[in-house]
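**Q** Have a look at this one.
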Amino acid sequence: MNLRLFCASVCMFACVSVFAQVKGGHNTKLSKLYASGKYEICLFKAEDMCADPAAGREAEPHLYAAMCYVKLYESSDPEVAADYKDGMRQAIKYTQKFIRKDVEGEMYAQNLDFVDQIKQHVKKEIKTNFDKGNYAKASAAAKNYEKLYQKTDYLFMYYSGILKCLSNNTTQGEHDMNEARAKLSEQIVNGTEIKADPIVKSMIVDGIMKYTQDLLNEKRKKDAESVITLANKIFPNDGYIKVQYNMIVGKN
């Protein structure tokens, strides 16, 4: 091998290693296309596989489709970015499909960094709409977020129920809250720690504060007591929850 060819080979290897790959995958065709930065071609191939009755049963093509959509959505080329302005929404959809197809959860665990990237985007969408008072859109985004879990997160399910109630979808919201409450109460009794990352915890606390205040305004004190009492058990060290708990439970 001459020096020029050797250098070119090293450069190509370096470029391939720069691009994140699907971990635990075995589809070399999609892997090579993605690694070489041919995201649009990789996307077309991945979507063809997703639509195929046999290949579509595999989780990997759906994950590649999601990853390609993110790359095209974030492209520095304005024309490409314009063509894929709905790319993140498509990436969310394909990530959800990937999670459903990955029944054992092995690839999910191996590619959690990418799933977390998608989660960050959806969390931002929930918070932005909540802060604007657009609870219907916040609720819709929360529904999308729930589908990004491999297993049901009952704390987030409870929060999603609150958002449904705030958006006047009361029947479904209360149903989800009651189902989640039962599971969360079991965890509390069993001494199981109920975890939430800081951003999700902040969102849940904001939702609880807003919802309990609305319940008080509607003269539904017992319902407000029920919500804030559970919240106080889940987040015993949160200052906002503690103040709200003392105000509601101590109120005549």
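Readers should treat all values here as calculations from the given coordinates under stated rules, not as data from a laboratory. None of the values given here were measured: they were computed from a predicted structure. Backbone-built Cβ (ideal geometry, glycine too); neighbour counts: all protein chains shown.
**Q** Go ahead and run the numbers for FRET between T229 and L112, Cβ-Cβ distance against an R0 of 30 Å, rounding to 0.05.
**A** Details: r = 34 Å, r/R0 = 1.12.
The value I calculate is 0.35.
**Q** What does the charge count near G24 come to, summing +1 for each Lys or Arg and -1 for each Asp or Glu among other residues with Cβ under 15 Å from its Cβ?
**A** Value of the local net charge: -4.
**Q** Taking the Cβ of D223 as the center, what net charge do the other residues with Cβ under 11 Å away carry, scoring Lys and Arg +1 and Asp and Glu -1?
**A** Details: positive: K219, R220, K221, K222; negative: E174, D214, E218, E225.
Taking every Cβ under 11 Å from that of D223, the sum is 0.
**Q** Using a 7 Å offset from the Cα along the Cα-to-Cβ direction at both Q120 and E74, what is the distance between the two label points in nm, to one decimal?
**A** A separation of 0.7 nm, rounded to one decimal place.
**Q** While we're here: Can you grab the distance from the C-alpha centre of the stretch 195-252 to the C-alpha centre of the stretch 21-58, Å, no decimals?
**A** Centre-to-centre distance over Cα atoms comes out at 46 Å.
**Q** So, one more: In a Gaussian network model over the chain where Cα atoms closer than 10 Å are linked, find which of V115, V189, V22 has the largest mean-square fluctuation.
**A** Top of the fluctuation ranking is V189.
**Q** Would you kindly state how much longer the chain becomes between E104 and Y149 on full extension, computed as 0.36 nm times their sequence separation minus their alpha carbon distance, in nm to one decimal? Write out the running numbers ahead of the final one.
**A** Working: separation 45, 0.36 × 45 = 16.20 nm, distance 1.29 nm.
So the extension gain works out to 14.9 nm.
**Q** Whats the longest run of the chain with zero trypsin sites (Lys or Arg not before Pro) that are DSSP loop and have at most 11 other Cβ atoms within 10 Å? Intermediate results must be reported in sequence, preceding the final value.
**A** Working: sites that count: K85, K132, K151, K195, K219, K251.
With trypsin sites (Lys or Arg not before Pro) excluded where exposed in loops, the chain gives 1-84 as its longest stretch.
**Q** What is the extension gain from Q21 to K222, computed as 0.36 nm multiplied by their sequence separation minus the C-alpha to C-alpha distance, in nm to one decimal? Intermediate results must be reported in sequence, preceding the final value.
**A** On the way: separation 201, 0.36 × 201 = 72.36 nm, distance 5.19 nm.
Using 0.36 nm per residue and subtracting the Cα-Cα distance, I get 67.2 nm.
**Q** Now for a different question. Give a quick list of GluC sites (Glu not before Pro) in the stretch 59-151 that DSSP marks as loop, anything other than H, G, I, E or B, with at most 10 other Cβ atoms within 10 Å. Working shown, then result.
**A** Numbers: sites: E74, E79, E104, E106, E125, E146; in loops: E74, E104.
Hits after loop and neighbour filter: E104.
**Q** If you don't mind, there's one more thing I want to ask. Would you compute, for the Cα atoms of the chain, the largest minus smallest coordinate along each principal axis and list the three values in descending order, in whole Å?
**A** Principal-axis extents of the chain (Cα, largest first): 87, 41, 38 Å.
**Q** Does anything in the stretch 34-58 have its amide N under 17 Å from the 7 Å Cα→Cβ label point of T28, and if so which residues?
**A** 34-36
**Q** Of E193, E40, E179, which is the most mobile in a GNM of the chain whose springs link Cα atoms less than 10 angstrom apart?
**A** E193
**Q** Can you compute the equivalent ellipsoid semi-axes for the stretch 179-243, i.e. the square root of 5 times each eigenvalue of the Cα gyration tensor, sorted largest first and rounded to whole Å? All intermediate terms of the calculation are to be shown ahead of the outcome.
**A** On the way: eigenvalues 81, 44, 19 Å².
Ellipsoid half-lengths, sorted descending, are 20, 15, 10 Å.
**Q** Excluding D102 itself, what net charge comes from residues whose Cβ is under 14 Å from its Cβ, given Lys and Arg +1 and Asp and Glu -1?
**A** That sum, taken over residues with Cβ under 14 Å, equals +3.
**Q** Still on this model: Volume per residue, Å³, of the convex hull around the alpha-carbon atoms of the stretch 69-151? Walk me through the numbers before you get to the answer.
**A** Details: hull volume 8.1 nm³, N = 83.
Cα convex hull per residue, to the nearest whole number: 97 Å³.
**Q** Relative to the present Cα-Cα distance, how much length would full extension add between T192 and A54 at 0.36 nm per residue of separation?
**A** Values: separation 138, 0.36 × 138 = 49.68 nm, distance 4.09 nm.
The T192-A54 span can extend by a further 45.6 nm.
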